[in-house]
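**Q** First the structure, which I've put down as structure tokens, then a few questions once you've had a look.
The values are calculated or read from the model by the stated rules, or taken from the named source; none is laboratory data. Values in this document were obtained by computation on a predicted structure and should not be read as measured data. Glycine also receives a Cβ, built like all others from the backbone with ideal geometry; neighbour counts cover every protein chain displayed. Side chains included, ligands, DNA and RNA excluded: accessible areas come from the protein's heavy atoms. Shrake-Rupley method; radii C 1.70, N 1.55, O 1.52, S 1.80 Å.
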Amino acid sequence: MTASAELDMAAEPQPPALSYPQLFLRFLRFGLMAWGGPVAQIAMLRKELVEEERWISSARFNRLLAVMQVLPGPEAHELCVHLGMRAKGRLGGMLAGLAFMLPGFLLMFALSWLYFAMDIQSSALGAAFLGVQVGVVAMIVRAVHRIGEHVLNDRWLWGLALGVGLASLLGASFWVVLPIAGVVYALAASGRQSLALVCAFIGVALATAVIWWSPGVQPGDVQAVGASAGPMALFLSGLKAGLLTFGGAYTAIPFLRNDAVGRGWMTDGQFLDGLALSGILPAPLIIFSTFVGYVGGGPIGALAMTAGIFLPAFAFSLILYDRLEAVLEVKQLHALLEGVAAGVVGLIAATTLQLGQATAERVPVLWPALVIFAGALAILYLWKSKLNIVAVIFAAGAAGWFAYG
């Protein structure tokens, strides 16, 4: 650390002297109260640790948050890791991160077991969960709009989002289209629009070749439902999703679904049920990965998937934060990440269409599902409350029970 950095730290407010158990319990309390999604979780951390207890200055907190929003992973969890590290070093960061995610993980683990112990799909609750699945599709539509408002700031980004979404619907792999989107926008933002167009045409040709030569199964096709996966496969699937979650937990949806549904670990309906369960828990939404891992590989699979998807959130804060803060000042890197983020918006939109189609095919009668969908969207758009997601899940479940029970 440089001398100027040491002076900055000396002038900064410092966390109180806490033992490791006290630090763990402090962030465990945050985990128990983590309702309402990332905005509410970050506001809670700001209120208590910045405004009331002065662990860190408001300006430094804002800069820290800006860095975390660029990095993949749930921002609130990454903030907890960094603030814990600020208080008690790297072990403190590890304890703070574990404490914040622990309540949500344990609750999701228990609900995953209960979901199959009760055989919900075959019980009377199956009708309620049909309604919930429709409500979750509405939640994803709202999330695509909200993320798109922050990400799609010019015509290039809109074009990249539309192009990546269309390519995904046609069967192109995100491993191909997302890097291309990043490079195209980095070139365009630097004033080399002609070269960006050439790169875009090359990308279209490459994506077309991949689609043409790939096997006939498209993303979203359900194959051999009931297949199980080993812990390492689930860990790597979670790690991949954790490294690609730019802009919030909803961006992990297409990557996890690509593996979970595409490899036959679960159905689209079960995937939506897992999302719904995570929406009623005090936890980052990304905790639905625990449900995916449980379905794919039982209790050990749940642990493996959760470890994989949260590993980047720990690693970036514990190991790389100081270096990343400097690297992220590079303007070209910002443009590259903005292009990738635009591609992810298109990817989520394509996944939403696929999930919506699968849900429409699953319901016995379509028009009640359309009513539930419209009502859920109305709640999400008109009621500005951190409890609106919980309200949508319960209201959609009740409507599904009434309509299909």
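**Q** Restricting the first residue to the stretch 84-100 and requiring it to be open to solvent by 30 Å² or more (accessible area, probe 1.4 Å), which pairs with a second residue that is of a type in the set (Val, Ile, Thr) meet a Cβ separation below 8 Å and a spacing of at least six or different chains?
**A** ARG86/ILE56; MET94/VAL81
**Q** Taking VAL217 as the residue in question, decide whether it is at pLDDT below 90 and surrounded by fewer than 14 Cβ atoms within 10 Å (Cβ to Cβ).
**A** Judged against the criteria, VAL217 is a match.
For every residue, the table says whether it meets (1) at pLDDT 90 or above; (2) over 17 Å from THR351 (Cα atoms); (3) open to solvent by 30 Å² or more (accessible area, probe 1.4 Å).
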residue: HIS150; (1), (2), (3): no, yes, yes
residue: ASN153; (1), (2), (3): no, yes, yes
residue: ALA161; (1), (2), (3): yes, no, no
residue: ALA172; (1), (2), (3): no, no, no
residue: VAL183; (1), (2), (3): yes, yes, yes
residue: SER190; (1), (2), (3): no, yes, yes
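**Q** Turning to a different aspect of this structure: May I ask you to verify whether LEU256 is of a type outside the set (S, T, N, Q), out of contact with any Cys (no Cβ under 8 Å at 6 or more places or on another chain) and surrounded by fewer than 24 Cβ atoms within 10 Å (Cβ to Cβ)? Walk me through how you get there before you give the answer.
**A** Values: of a type outside the set (S, T, N, Q): yes; out of contact with any Cys (no Cβ under 8 Å at 6 or more places or on another chain): yes; surrounded by fewer than 24 Cβ atoms within 10 Å (Cβ to Cβ): no.
Answer is no for this residue.
**Q** Would you point out the residue of the stretch 192-214, among those that are exposed (fewer than 14 other Cβ atoms within 10 Å of the Cβ) and farther than 17 Å from LEU160 by Cβ, that is modelled with the lowest pLDDT?
**A** Within the stretch 192-214, the match that is modelled with the lowest pLDDT is SER214.
**Q** Could you list, in sequence order, all residues of the stretch 122-152 that are in contact (Cβ under 8 Å) with a residue 60 or more places away in the chain and more than 22 Å from LEU277 (Cα to Cα)?
**A** Passing the criteria: GLY148, HIS150, VAL151, LEU152.
**Q** Is there a residue in the stretch 42-50 that is under 16 Å from the mean Cα position of the chain (by Cα), closer than 28 Å to VAL340 by Cβ and open to solvent by less than 50 Å² (accessible area, probe 1.4 Å)? Steps first, please.
**A** Here is the first cut: in the stretch 42-50, the residues under 16 Å from the mean Cα position of the chain (by Cα) are 42.
Going one step further and asking which of them are closer than 28 Å to VAL340 by Cβ, we end up with 42.
Restricting the remaining residues to those that are open to solvent by less than 50 Å² (accessible area, probe 1.4 Å) gives 42.
Yes; the residues of the stretch 42-50 include at least one that is under 16 Å from the mean Cα position of the chain (by Cα), closer than 28 Å to VAL340 by Cβ and open to solvent by less than 50 Å² (accessible area, probe 1.4 Å).
**Q** Just checking, which of ALA96, ALA127 is assigned to a helix (DSSP H, G or I) and either at pLDDT 90 or above or on the phi > 0 side of the Ramachandran plot (or both)?
**A** Criteria check complete, one pass: ALA96.
**Q** All but one of (1) over 30 Å from GLY89 (Cα atoms); (2) open to solvent by 50 Å² or more (accessible area, probe 1.4 Å); (3) modelled with pLDDT of 90 or more hold for ALA396, so report the exception by its number.
**A** It fails just one condition, (2).
**Q** Filter the stretch 237-253 down to residues that are open to solvent by 10 Å² or more (accessible area, probe 1.4 Å) and not in a helix (DSSP H, G or I) and give me whichever is modelled with the highest pLDDT. Show your work before the answer.
**A** Restricting attention to the stretch 237-253, the residues satisfying the condition of being open to solvent by 10 Å² or more (accessible area, probe 1.4 Å) are 239-240, 243-244, 246-250.
Imposing the further condition that a residue be not in a helix (DSSP H, G or I) reduces the set to 244, 246-248.
Details: LEU244: 81, PHE246: 67, GLY247: 60, GLY248: 66.
For the stretch 237-253, the residue satisfying everything is LEU244.
**Q** Which members of the stretch 277-305 meet the condition of being of a type in the set (A, V, I, L, M, F, W, C), modelled with pLDDT of 85 or more and crowded, with 22+ Cβ neighbours inside 10 Å?
**A** Once the filter is applied, which keeps residues that are of a type in the set (A, V, I, L, M, F, W, C), modelled with pLDDT of 85 or more and crowded, with 22+ Cβ neighbours inside 10 Å, the stretch 277-305 yields LEU277, ILE286, ILE287, PHE288, PHE291, VAL292, VAL295, ALA302, ALA304, MET305.
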